[in-house]
1. With the Cα gyration tensor of segment 55-163 in hand, give its eigenvalues times 5 under a square root as the equivalent ellipsoid semi-axes, listed largest first in whole angstrom.
2. Out of 118, 172, 108, any idea which swings most in a Gaussian network model of the chain, alpha carbons joined below 10 Å?
3. Ranked highest first by the average count of other Cβ atoms within 10 Å around their residues, in what order do 23-33, 187-197 fall?
4. On the first, second and third principal axes, largest extent first, how far apart are the outermost C-alpha atoms of segment 101-201 in Å?
5. For the chain, take the longest principal axis of its alpha carbons; what is the angle in degrees between that and the long axis of helix 185-194, to the nearest 10 within 0 to 90?
6. Going by average Cβ neighbours within 10 Å, how do the peptides 86-92, 217-223 rank, with the highest at the top?
7. Roughly what angle does helix 215-226 make with the longest principal axis of the chain, taking Cα atoms, 0 to 90 degrees, to the nearest 10?
8. Per 0.36 nm of contour for each residue apart, how much would the distance between residue 186 and residue 88 grow if the chain were fully extended, relative to their Cα-Cα spacing?
C-alpha cells in the first residue's frame, strides 16, 4: 500500500517521502540535508533513490549531499546541468522513458515550468497502485488511467491572487509569472475532471502559496469535484 508523506511543501523547500512498503523513495530534495536526515530518523541509507523534478533550489537543495551519502539521484539532463550535479550517483532520465527503482516502475513526463527540462512522475508498484506527482507546472497535457494516488501542486487561486494585487498585497508583476509556472486551483480542478478518478484513494495538494491560497477552500473544492479524501501537504 502506498504511503505518501510531506517533509516540506512550500517555497522554503519541498521534499516528499513515498513507499509501497518495500521500496522507499524521496521525491524532491529541497530541504537542508540535515533536515532530511532528521525526517528519516537518520536512516538515509534506507532510501532507494531520489527523484528531482527540476533544478530550482527549493526542490533540489540537498541533491548533491544525498548523492554523497550514497543515494542515487534521478533527474533530467537539463536539471542535472543547471544544478551542476555530477558523479556516478547522478542518473539521467528522460521524459516518457520508464525505468525501475526497486519495486517501483517510474514514467517521467514533461511539465510546464520556467526551468530546464522539468518533469512530473508516474509511479506504479507491483500491487497495481499508481501515483502521479506534478508540481511547479501551470497545466498538464497528459491524462492518466488507473490512478490510485494524486499528488499535485495547488499553488494559488486566480481570484485570491487578483484580490491581493488589487489590495496592493502582491505586486502585479507576479501575476504573469504565476500563470506560466504554477498550478492554480482552477487548473487542478480541470485536471481532475479530465482524468479517471474511479480508483483514486486519496489526493494530496502540494506547494500552497503563503499569500495566494486558502487551505480550507482548496480542500473543500477538490473534495466537491473529486469525491475523494483530500489532504494538504504539511509545509
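Coordinate-derived values only; no laboratory data. What you are looking at is a predicted structure, and each value in this text was computed from that prediction instead of being measured. Glycine gets a Cβ as well: all are built from the backbone with ideal geometry, and neighbour counts include every protein chain shown.
1. Numbers: eigenvalues 116, 84, 29 Å².
So the three semi-axes of segment 55-163 are 24, 21, 12 Å.
2. Most flexible of the set in this elastic network: 172.
3. 23-33, 187-197
4. 51, 31, 19
5. Relative to the chain, helix 185-194 is tipped by roughly 70 degrees.
6. Put in order of decreasing packing, that is 217-223, 86-92.
7. Taking Cα atoms only, the helix is inclined about 80 degrees.
8. Details: separation 98, 0.36 × 98 = 35.28 nm, distance 4.12 nm.
Full extension from residue 186 to residue 88 adds 31.2 nm.
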